[in-house]
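Structure, as structure tokens:
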Amino acid sequence: MDKRKHRRAQSVASQRLAVLQTLGKLPAVIRARHLHPDAASIVRALRQRGRRVWPLHRRGANLGYAVELDRTFPTTAAAQSTWNAGEPVFLPGMLGASPTQFAAPIQTCLRMFDRLRAGDRFVDELQRRLDDDQNLRYGGSKVDRTDPREVERVFVDAEVQGQVVANDLWAKLAWIANAENDRSLRIRFSAGKDQIEAWMQATDLTAGWVDQYAQRAFPECGAILGCRRLRDLLAILIPRPHRLSERILYNNAPGGGAVFHHDAEPGQLGVCFCQLEGHTAWLSLSKRRLAKLLVRTHFVKTMTAAMAALDQNDDAALVRWLNRDATFTAHLAAHGALFVLQAGDTILLPSHGIDEVAWHSVVALGQRPSLAHSYGLFPRQPDYAMAASGNDE
Ligand SMILES: [Fe+2]
């Protein structure tokens, strides 16, 4: 068989395999193995053999351990069918040398988060970072006392030749959780009111300036936006003009992370999460497979009840089952839903609709806070490009 035919046959085979895996007809690829919290002797033995074993602790819940197993980069066909099935697409090493190339701004950012955790003002930091910006003008800062997680929100307006072209662009510094034992911070960039409806109504021109706000204040955005391999893959998965917006910088601290949720908002096509420094563990799978596991582990009797329970997601027993139960975590991992991300890794979370979406939860790993960026994927309108120079595809 010549090389081209061989490659095509391999691609077809891997596409078939991915389709069968996502349909649950074959065991999923196990990217990371799970160990129960009482597996201390196995953990010791693995570590003696030089394996990396990560404790999974989040806000007092001991979910066991994660052991990295498989970091094979998927074929484009496999990535496509996984994405189409509403399953997370794990892309180990996607960013290549970018975390090294952007090491200086990444380290600067980590030191900034440490200062902010110690009480420094966010507005002072942003003023320093945007001091000589050609377009972005300081518009005030405030703290929402009704939101216990919000630390400070800093507003800017965008000006072109003395004319304000977009206003009320903001960067919000907030604690990720309202918990004493989680010192994780995040910065979200958006515009207008905080409600989803407000940023959905923002024009793409405004969205473009919000994206510029993030990129100019935090140049390490370039590690993601400038990654040709990632942008090329996104162009295949989302074959229409799109933008990477509603940017969030994550500084997940030991013991922290996010509980199970989804990001299926109208208009949002998915999420692109990139680890720039340190590690995080992820539990992620499609809503339907998660619902199936709730039935299989006898949390509910039927798929209909499981899907409805996930839609509500406010029942204390379900929240506990999903987020604080090491046995359920083991089931998730056994179905290929556990991932360990290191610097340079990307995970894509498709949102094709409320029932066709990748659910996910995050656990911070390691001894110190890490750095990651998460961008929403949106259809892009022609007015976006005006504000988005340097943010090509
Ligand atoms: Fe999310």
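Quick note: the coordinates plus some simple rules give every number you see, no bench work behind them. Nothing here was measured: the structure is a model prediction, and the numbers come from that model. Cβ sites come from the backbone with ideal geometry, for glycine too, and all protein chains shown count toward neighbours.
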Phi to ³J(HN,Hα) by Karplus 6.51 cos²θ - 1.76 cosθ + 1.60 over segment 258-274, Hz, x for Gly, Pro
10, 6, 4, 7, 10, 10, 7, 9, x, x, 8, 8, x, 9, 10, 10, 10
At 1.567 mPa s and 4 °C, plugging the Kirkwood radius over alpha-carbon pairs of the chain into Stokes-Einstein gives what diffusion coefficient in µm²/s?
59
Using amide H atoms built 1.01 Å from N in the peptide plane, name the residues 5+ places from residue 351, or on other chains, whose amide H lies under 5 Å from its own.
270, 271
Considering only 34, 249, 225, whose Cα is most displaced toward the positive end of the charge dipole of the chain, charges sitting on Cβ of Lys, Arg (+1) and Asp, Glu (-1)?
34
Quick one: net charge of residue 159's neighbours, Cβ under 11 Å, K/R +1, D/E -1?
-1
Let's test this: bin the Cα-Cα distances of segment 19-127 at 5 Å from zero up to the farthest pair and state each bin's percent.
2, 9, 11, 12, 12, 16, 17, 11, 6, 3, 1
Around residue 120, what is the net charge, scoring Lys/Arg as +1 and Asp/Glu as -1 over all other residues with Cβ under 14 Å from its Cβ?
+2
If you average the C-alpha positions of segment 356-378 and of segment 256-332 separately, how far apart do those two centres end up, in angstrom?
14
Tell me, Kirkwood radius of segment 71-159 from alpha-carbon pair distances, in Å?
17.0
Once phi for every residue in segment 35-46 is put through the Karplus expression 6.51 cos²θ - 1.76 cosθ + 1.60 (θ = phi - 60°), the whole-Hz ³J(HN,Hα) values, with Gly and Pro written as x, are 10, 5, x, 8, 8, 4, 6, 5, 4, 4, 4, 5
Under 14 Å Cα-Cα from residue 287, which aspartates and glutamates qualify once same-chain neighbours fewer than 8 residues away are excluded?
87, 263, 311, 355, 356
I need the Debye-formula profile for segment 36-86: one equal scatterer per C-alpha, no solvent, reported as log10 I(q)/I(0) at q = 0.20, 0.27 1/Å, two decimals.
-0.76, -0.95
Given N residues in segment 115-181, what is Rg(Cα) / (2.2 N^0.38 Å)?
1.27
Note, ³J(HN,Hα) from phi for segment 233-246, Karplus 6.51, -1.76, 1.60, rounded to Hz, x at Gly and Pro:
5, 4, 5, 7, 5, 10, x, 7, x, 9, 9, 9, 10, 6
